[in-house]
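Chemist: This structure is in C-alpha cells; I'll ask about it shortly.
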Amino acid sequence: MSTCLQRFYKKAAAYVLRSVAKHSPHLAKAVVHSGALDALVNCLEEFDPSVKEAAALALSCVAKHNAELAQSVVDAGAVGLLVLCVQEPELTLKRISATALSEIAKHTEELAQAVVDQGAVPYLAALISHPDAQLKRYVCQCLAQIAKHTVDLAEVVVEAEIFPRIFNCLKDIDVQVRKNAATCIREIAKQTTELAKLIVHSGGAAATVDYISESKGNARLPGIMTLGYISAFDDSLAMAVIVSKGIAPLKDALIHEPEDHIKAAAAWSLGQIGRHSPEHAKYLAEADVPARLLAVYMMQEGQGSTDLKDKSKKALKNIIQMCTHLSSLEPLLILAPNNILTYVTAQFAKVLPQNTEQKKTFIKSGGFQRIQEIEAAPGSKLRENIDAINSHFPEKVVQYYSPGFAESLIQNLDDGE
C-alpha cells in the first residue's frame with residue numbers, strides 16, 4: 001500500500017473515531033477500550049498535517065466528556081505531541097491542538113498540571129497576539145481552563161507574560177475572543193490578592209470596565225465577576241475599580257440585563273465594592289445603587305430568582321452598614337421593608353449624634369417625619385434604632401411632631417438644646 005494511501009486511511013479512520021466519540025462518554029469509552037488511542041497518538045507524529053488534525057480532533061472529542069477519559073488521553077502520551085502540534089505552521093492544526101489541550105485541562109488540577117508539565121503554556125501565551133480570531137478563542141479558553149484550578153497554575157499562566165497583551169483581546173472584533181479573554185482574566189483575578197493587584201497595575205481594571213461597558217448579555221458576565229473578585233480582596237483594589245469608573249456599567253447590568261444570573265453577579269460585585277469603608281459606600285450611594293438594589297430585592301413574587309434577591313439583599317446590607325452619607329439613604333426610609341429599615345435606621349442612629357448639620361438636613365428633608373411614621377414592634381431592633389434616633393432630639397418634639405415643628409426644632413439644634 002502506498003504511503004499516500006496509508007495517510008488517507010489514517011485520516012479517514014480518525015474522523016470515524018471522532019464521529020463516534022463526540023456523542024457521549026459511553027461511546028468515547030468504547031473508542032478507548034478498542035485500543036484506538038495509541039493509533040491516534042501515533043498519527044500525531046505523521047508528516048501530513050491533515051492526519052495530525054484528524055487525530056487531534058478525535059482525541060479532543062474523547063477528552064472533553066470527563067476526567068477519566070481525559071486521563072486516558074494523557075496516559076496514551078498525547079499531550080506532548082499536541083504541544084508540538086501547536087507549534088506547527090498550519091493554522092488549522094494549531095486551532096485543533098489548542099482545543100484538545102483545553103478539553104484535557106478543564107477537568108481537574110492534575111490534568112491541567114499534565115498540560116503545564118509538557119511546556120504548553122509559553123507556546124499558547126505566544127499566540128494571544130496571533131491575527132487569527134479562531135485561534136485566539138481557543139488559546140484564551142485553554143489558558144483559562146489551566147488557570148482556574150489553583151493559585152500555582154494561575155501563576156504559571158501569568159509568568160508566561162500574558163499581561164498586558166491579553167487585555168488587547170478584550171477589544172477584539174470577535175465577540176468570542178473578547179469573552180474568552182475576559183474569562184481567562186477572571187480565573188486569574190479570583191485566586192489571590194497579589195494576582196488581582198497585578199491585573200490592576202497592568203491596566204486590567206480599566207480594560208475590564210471598558211469591556212463590560214461595550215458588551216451585552218452573557219458576554220458581560222466574566223467581566224462583571226472579575227471586578228467583583230478584584231474588589232473583594234481589599235479596599236485599595238475596590239477603590240481602583242471605582243476610579244476606573246466601574247460602578248456605572250455594573251449598575252447598568254443590574255438594571256437592564258434580562259438574565260437573572262447576570263443581574264445577580266452585578267449585585268454581588270457592587271456589594272464587594274461597597275463593603276470596605278464609608279468612602280466606598282458613598283460612591284455607590286451617590287450613584288443611587290442602594291435604591292436600585294432595593295428595587296431588585298423587592299420584585300414581586302414570581303419575578304427574579306431567589307439567588308438574585310439574596311445577593312441584592314446582601315449587597316444592600318454591605319453598603320448600608322458602611323454608608324455614612326445619610327442623604328443618600330433617606331429614600332430607603334420610604335421604600336424599604338422593615339428588615340432593611342433595621343440596617344438603615346442603625347446607620348442614622350450611629351451617624352446623627354455626631355453631626356448637627358446632618359440633623360438639620362434630616363429634619364428639612366422629611367426624614368425625621370418618616371422615622372415617626374414607621375411601625376415597629378416593641379422590643380424589635382428596628383424599634384430600638386428609632387428610639388436611639390429620637391433620643392437625640394427634644395422629647396416634646398418627638399412626641400408631638402408634625403411638619404410645622406420643623407423650623408422650631410432646627411432653631412433648638414442651632415441653640416444647642
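Chemist: Quick check, is residue 80 without any contact (Cβ under 8 Å) to a residue 12 or more places away in the chain and not acidic (Asp, Glu)?
Modeler: no
Chemist: Out of curiosity, is residue 384 part of a helix (DSSP H, G or I), over 28 Å from residue 270 (Cα atoms) and at pLDDT 80 or above?
Modeler: It is true that residue 384 is part of a helix (DSSP H, G or I), over 28 Å from residue 270 (Cα atoms) and at pLDDT 80 or above.
Each row is one residue, and each column tells you yes or no for (1) of a type in the set (Ser, Thr, Tyr); (2) farther than 25 Å from residue 314 by Cβ; (3) over 13 Å from the mean Cα position of the chain (by Cα).
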position	(1), (2), (3)
189	no, no, no
207	no, yes, yes
210	no, yes, yes
216	no, yes, yes
227	no, no, no
239	no, no, yes
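Chemist: Moving on. Take residue 97 and tell me if it is polar (S, T, N, Q), surrounded by 17 or more Cβ atoms within 10 Å (Cβ to Cβ), closer than 25 Å to residue 8 by Cβ and in contact with a Cys (Cβ under 6 Å, 6 or more places away or on another chain).
Modeler: Criteria met by residue 97.
Chemist: Further, regarding this structure: Could you list, in sequence order, the residues of the stretch 248-279 that are surrounded by fewer than 22 Cβ atoms within 10 Å (Cβ to Cβ) and either of a type in the set (D, E, K, R) or in contact with a His (Cβ under 8 Å, 6 or more places away or on another chain) (or both)?
Modeler: Passing the criteria: 251, 252, 257, 259, 260, 275, 278, 279.
Chemist: Just the residues that are outside any helix (DSSP H, G or I), touching a helix residue (DSSP H, G or I) at 6+ places or on another chain (Cβ under 7 Å) and not polar (S, T, N, Q), please, taken from the stretch 148-172.
Modeler: Answer for the stretch 148-172, where residues must be outside any helix (DSSP H, G or I), touching a helix residue (DSSP H, G or I) at 6+ places or on another chain (Cβ under 7 Å) and not polar (S, T, N, Q): 148, 149, 160, 161, 162, 163, 170, 172.
Chemist: If I go through the stretch 327-357 residue by residue, how many of them are under 19 Å from residue 281 (Cα atoms) and among the acidic types (Asp, Glu)?
Modeler: Of the residues in the stretch 327-357, 1 are under 19 Å from residue 281 (Cα atoms) and among the acidic types (Asp, Glu).
Chemist: Another one. Looking at (1) surrounded by fewer than 20 Cβ atoms within 10 Å (Cβ to Cβ); (2) under 22 Å from residue 187 (Cα atoms), can you tell me which one residue 301 breaks?
Modeler: Residue 301 satisfies every listed condition except (2).
Chemist: Scan the stretch 88-108 and tell me whether some residue there is closer than 24 Å to residue 189 by Cα and either more than 28 Å from the chain's Cα centre (by Cα) or aromatic (Phe, Trp, Tyr) (or both).
Modeler: The answer is no; no qualifying residue exists.
Chemist: Another question about this same structure. Check the stretch 136-152 and report whether any residue there is open to solvent by less than 30 Å² (accessible area, probe 1.4 Å) and aromatic (Phe, Trp, Tyr).
Modeler: Within the stretch 136-152, none of the residues are open to solvent by less than 30 Å² (accessible area, probe 1.4 Å) and aromatic (Phe, Trp, Tyr).
Chemist: Is there any pair with a first residue in the stretch 88-111 that is of a type in the set (Lys, Arg) and a second that is part of a helix (DSSP H, G or I) and open to solvent by 40 Å² or more (accessible area, probe 1.4 Å) whose Cβ atoms are under 7 Å apart and which are 6 or more apart or on different chains, and what are they?
Modeler: What qualifies is 95/134; 95/138.
Chemist: Could you grab me the full set of residues in the stretch 112-145 that are farther than 14 Å from residue 156 by Cβ and in a helix (DSSP H, G or I)?
Modeler: 126, 133, 134, 135, 136, 137, 138, 139, 140, 141
Chemist: Can you pull out the helices (runs of 4 or more DSSP H) entirely within the stretch 188-258 that have at least 3 residues that are free of Cβ contacts under 8 Å to residues at least 60 places away in the same chain and over 28 Å from residue 309 (Cβ atoms)?
Modeler: The qualifying helices (runs of 4 or more DSSP H) are 193-201, 204-214, 235-243.
Chemist: Something else: Testing residue 102 on (1) outside any helix (DSSP H, G or I); (2) open to solvent by less than 10 Å² (accessible area, probe 1.4 Å), one condition comes back false. Which one is that?
Modeler: Answer for residue 102: the failing condition is (1).
Chemist: Now for a separate question. List pairs: first in the stretch 147-160 and within 13 Å of residue 189 (Cα to Cα), second among the hydroxyl-bearing types (Ser, Thr, Tyr), Cβ under 9 Å, 6+ apart or cross-chain?
Modeler: Qualifying pairs under 9 Å: 148/183; 149/108; 151/192; 154/192; 155/192.
Chemist: Also, I was wondering about something else. From the residues in the stretch 325-364 that are basic (Lys, Arg) and open to solvent by 30 Å² or more (accessible area, probe 1.4 Å), which one is modelled with the highest pLDDT?
Modeler: My answer is 350.
The values are calculated or read from the model by the stated rules, or taken from the named source; none is laboratory data. Computed from a predicted structure; not experimentally measured. Virtual Cβ from ideal backbone geometry, glycine too; neighbours counted across all protein chains shown. Side chains are part of the model used for accessible areas, which takes the heavy atoms of the whole protein and leaves out ligands, DNA and RNA. Shrake-Rupley method; radii C 1.70, N 1.55, O 1.52, S 1.80 Å.
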